[in-house]
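Contents: one structure, followed by commentary.
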């Protein structure tokens with residue numbers, strides 16, 4: 001069974017601070033996705049990374065896929081209250097579905 | 001509007017009862033998925049479907065039944081609900097399984113008393 005771990009589980013920071021969230025596995029994935037979920041809603045896709053070592057930027061968010069395609073990180077620069085939410089990583093196996101990590105719950109205080 | 005719709009949004013029922021959660025998508029995506037979300041476990045795959053009349057078990061299929069007679073609908077049935085099935089259920093769709101991103105509905109919060 002493929003498993004994804006995320007750290008930290010919870011993170012509370014002040015507006016303007018930087019943070020990094022990690023997603024780790026012992027398994028190799030064909031691609032990895034990051035989602036953000038807000039209360040009462042379904043997860044919304046932020047990015048997909050496919051190539052080992054790939055770095056993608058989405059405004060203040062930087063995503064990196066590990067060289068071995070087993071891990072990924074999400075870095076947020078100058079966090080804002082609007083970044084508050086549950087961040088989920090999901091690894092795509094070589095079959096037809098995804099494995100999700102347990103999530104990192106981020107709270108950005110004004 | 002195009003999208004994925006789940007109904008009901010909230011449901012309370014009793015142990016032993018049968019309950020069906022509905023999921024409808026308007027994109028004509030081939031793949032559809034059912035997940036449950038519980039604290040500490042993230043999203044766990046219950047069942048998925050690659051096309052109409054094709055369904056496969058996910059990580060936690062016991063106690064659930066699915067069907068997919070039409071591409072756009074993917075209902076999830078709890079045949080005899082148990083308290084351990086209290087959860088938030090999410091339906092998702094994608095064009096091509098794990099090769100494309102998933103689009104999620106807003107979830108059904110199910111409480112079993």
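The values are calculated or read from the model by the stated rules, or taken from the named source; none is laboratory data. Nothing here was measured: the structure is a model prediction, and the numbers come from that model. Every residue, glycine among them, receives a Cβ derived from its backbone with ideal geometry; neighbour counts consider all protein chains shown.
If the Cβ limit is 7 Å and pairs must be 6+ apart or interchain, which residue in segment A:90-107 that is on the phi > 0 side of the Ramachandran plot pairs with which residue that is modelled with pLDDT of 90 or more?
A:103/A:6; A:103/A:86; A:103/A:87; A:103/A:88
Identify, please: which residue in segment A:91-106 is facing chain B (nearest Cβ under 7 Å) and touching a helix residue (DSSP H, G or I) at 6+ places or on another chain (Cβ under 7 Å) and is, among those, surrounded by the fewest Cβ atoms within 10 Å (Cβ to Cβ)?
A:95
Count, please, the residues in segment B:13-46 that happen to be more than 10 Å from chain A (Cβ to nearest Cβ) and within 22 Å of residue B:84 (Cα to Cα).
14
Yes or no, residue by residue, for (1) within 12 Å of the chain's Cα centre (by Cα); (2) farther than 20 Å from residue B:40 by Cα; (3) part of a strand (DSSP E or B):
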{"site": "A:11", "(1), (2), (3)": "no, no, yes"}
{"site": "A:21", "(1), (2), (3)": "yes, no, yes"}
{"site": "A:28", "(1), (2), (3)": "no, yes, no"}
{"site": "A:53", "(1), (2), (3)": "no, yes, no"}
{"site": "A:57", "(1), (2), (3)": "no, yes, yes"}
{"site": "A:63", "(1), (2), (3)": "yes, yes, yes"}
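Within segment B:70-90, identify whether any single residue is modelled with pLDDT under 95, within 22 Å of residue A:93 (Cβ to Cβ) and within 10 Å of chain A (Cβ to nearest Cβ), and answer yes or no.
No: segment B:70-90 contains no residue that is modelled with pLDDT under 95, within 22 Å of residue A:93 (Cβ to Cβ) and within 10 Å of chain A (Cβ to nearest Cβ).
Among the residues of segment B:67-109, count how many are surrounded by fewer than 16 Cβ atoms within 10 Å (Cβ to Cβ), in contact (Cβ under 8 Å) with a residue 60 or more places away in the chain and closer than 16 Å to residue B:56 by Cα.
1
Taking residue A:70 as the residue in question, decide whether it is at pLDDT below 95 and either farther than 24 Å from residue B:33 by Cα or away from chain B (no Cβ under 14 Å) (or both).
When the stated conditions are applied, residue A:70 passes them.
Which of the numbered conditions does residue A:78 fail, given that it passes all the others? Conditions: (1) under 25 Å from residue B:50 (Cα atoms); (2) not in a strand (DSSP E or B).
(1)
Which residues, counting only those in segment B:16-31, are surrounded by 13 or more Cβ atoms within 10 Å (Cβ to Cβ) and modelled with pLDDT of 95 or more? Spell out how you get there, then give the answer.
Quick first cut of segment B:16-31, residues surrounded by 13 or more Cβ atoms within 10 Å (Cβ to Cβ) only: B:19-25, B:27, B:29-31.
Passing the criteria: B:19, B:20, B:21, B:22, B:23, B:24, B:25.
Checking residue A:15 against (1) within 14 Å of chain B (Cβ to nearest Cβ); (2) within 20 Å of residue A:86 (Cβ to Cβ), which single condition isn't satisfied?
Among (1) within 14 Å of chain B (Cβ to nearest Cβ); (2) within 20 Å of residue A:86 (Cβ to Cβ), the lone unmet condition for residue A:15 is (1).
Scan (1) within 14 Å of chain B (Cβ to nearest Cβ); (2) surrounded by fewer than 16 Cβ atoms within 10 Å (Cβ to Cβ); (3) in contact with a helix residue (DSSP H, G or I) (Cβ under 9 Å, 6 or more places away or on another chain) for the single condition residue A:109 breaks and write down its number.
Of everything listed in (1) within 14 Å of chain B (Cβ to nearest Cβ); (2) surrounded by fewer than 16 Cβ atoms within 10 Å (Cβ to Cβ); (3) in contact with a helix residue (DSSP H, G or I) (Cβ under 9 Å, 6 or more places away or on another chain), residue A:109 misses just condition (1).
So which residues in segment B:16-34 are farther than 11 Å from residue B:93 by Cα and outside any loop (DSSP other than H, G, I, E, B)?
Result: B:19, B:20, B:21, B:22.
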